[in-house]
Amino acid sequence: MRFLIISYIQHHEKDNLYYAYEPYVREMNLWLKHVDELEVVAPISLQTKMGTDIAYQHPNIEFSAISALNFTTFFNVIKSVVKIPKVMIQIYKSCKRADHIHLRCPGNISLLGCMVQIAFPSKPKSVKYAGNWDPKAKQPLSYKFQKWLLSNTFLSKNIEVLVYGEWKGQSKNIKPFFTASFSDSEINMPLDRDYKNDFKFLFVGNLVEGKQPDVAIKIIEKLYSQGYKVTLDVYGDGALRKDLETYVSSKNISDIINFKGNVELSNVKQAMQKAHFLILPSKSEGWPKVIAEAMFFGTIPVSTNISCVPYMLDYGNRGILISDDIDEAVISISKTIQDVDLNSMAKLASKWSQEYTLERFESEIIKILKT
């Protein structure tokens, strides 16, 4: 099988290996175990690979570099519009060579791929929609168009669209899906925590505006001011780190807020095995892997009510749903700590997450590739 990936994700080449964002490549490598040939159509950068990038693992890779599209400024819009016809021709030629077409959505390149795939109604296709599929979510027009086009079974034929969460009123080609980080061999009963005294919180993710790490810090700060013995370990790096560290220092809360930076997954795993809560007050998510990972080890997730998170948390039975308003979030957390059996909640979270292992994920991938 010749497997084609059409992706908006920036790639890097080094020593005849192709690198990209680690979680994406780690997932794609599971698909690639079951294909004979691989072609990747995506933008490529001349810069050196980023520290967290990893390489595709496949002996037969063809990389077809295309121009990145950027619509953030008027000048970039003009440049990108001029590039679109060439990019679409490149995507068409790659689709013609492929036995299975795989689209990574949503994104500008993905949008063009969604349009080109219409010309290949008989070829099997799959789409991993890594964004928020919630029909009621406020999203850019281009995202809404991609969702409409992929849901249209007249235009998009022989295609499975893998989305996060279960949503009512979807077309027959929309398939609820998931992602995974851990294997069956890592399944264990979560450690019992003491929920009577100190509470250890984790934040794991990029320190960028969309993840709202500042909100996480301020929630912990307020809980501390109300007499709770709380700490927060912040795993990750990003543009906001310096500002966050300055804020923590200015508020004299360095004793309870610890910045750990980017670390290996194994280190995060060890932290999750001991922490009481993971907090993620993000503005938008697809399937937040970090929440599922924390739940796997019995760490109770605390997350904003977005995308498929309510489904993951069973609408509050497997975790705490909060607003990104600091005061309201603190009230929700405090009420749960006082009124809920947290050991039972942690076990419910773990039992659910441990259903979604790498082995099950790979078995579902095999089914898709065989259709």
* To do: Quick one: angle between helix 141-151 and the longest Cα principal axis of the chain, in degrees between 0 and 90, rounded to 10, please.
  => 70 degrees
* Asked: What do you reckon, how do 276, 102 stack up by accessible area (1.4 Å probe), largest on top?
  -> 276, 102
* To do: Have a look at 65, 239, 292 and tell me which one the Gaussian network model of the chain (Cα, springs below 10 Å) gives the largest fluctuation.
  => 239
* Could you check which residue among 357, 153, 231 shows the biggest mean-square fluctuation in a GNM of the chain with a 10 Å Cα cutoff? => 153
* Order 268, 340, most accessible first, counting only protein heavy atoms with a 1.4 angstrom probe. => 340, 268
* What residues qualify as long-range amide H neighbours of residue 11, i.e. H under 5 Å apart, gap of 5 or more or another chain, H built at 1.01 Å from N? -> 44, 45
* Inter-centroid distance (Cα atoms) of region 137-212 relative to region 33-110, Å -> 23 Å
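Over 23 Å between C-alpha atoms is what I'm after, so list which of 83/370; 289/335; 125/211; 147/172 land there.
On the way: 83/370 35 Å; 289/335 26 Å; 125/211 32 Å; 147/172 13 Å.
Correct reply: 83/370; 289/335; 125/211.
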* Structure fact -> Rounded to a whole %, the carbon-and-sulfur portion of the accessible area of the chain at a 1.4 Å probe is 52 percent
* When all protein chains stay in place, what accessible area (Å², nearest 10, 1.4 Å probe) is found for residue 58? -> 30 Å²
* Asked: If one takes the longest principal axis of the Cα atoms in the chain, at what angle in degrees, from 0 to 90 and to the nearest 10, does the Cα axis of helix 342-353 lie?
  -> 10 degrees
* If one takes the longest principal axis of the Cα atoms in the chain, at what angle in degrees, from 0 to 90 and to the nearest 10, does the Cα axis of helix 213-225 lie? -> 10 degrees
* Structure fact -> The size of the Cβ-based charge dipole (Lys, Arg +1; Asp, Glu -1) of region 18-170 about the Cα centre, to the nearest 20 debye, is 560 debye
* Asked: Kirkwood Rh, Cα Rg: Rg to Rh for the chain?
  -> 0.98
* **region 25-158 shape via C-alpha gyration tensor axes, a/c threshold 1.5** => rounded
* **Backbone HN-Hα couplings from phi across region 180-195 [Karplus 6.51/-1.76/1.60, Hz, Gly and Pro as x]** => 9, 10, 10, 9, 4, 5, 9, 6, 8, 5, x, 5, 5, 9, 8, 9
* **region 173-258 shape via C-alpha gyration tensor axes, a/c threshold 1.5** => oblate
* To do: Please give the per residue accessible area of the chain, computed with a probe of 1.4 Å over protein heavy atoms only, in Å².
  => 48 Å²
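The values are calculated or read from the model by the stated rules, or taken from the named source; none is laboratory data. Quick caveat, the model's predicted, so the values are computed rather than measured. In this analysis, Cβ positions are derived from the backbone assuming ideal geometry, glycine residues included, and neighbour counts consider all displayed protein chains. These accessible areas exclude ligands, DNA and RNA; they are computed on the full protein's heavy atoms, side chains included. Shrake-Rupley method; radii C 1.70, N 1.55, O 1.52, S 1.80 Å.
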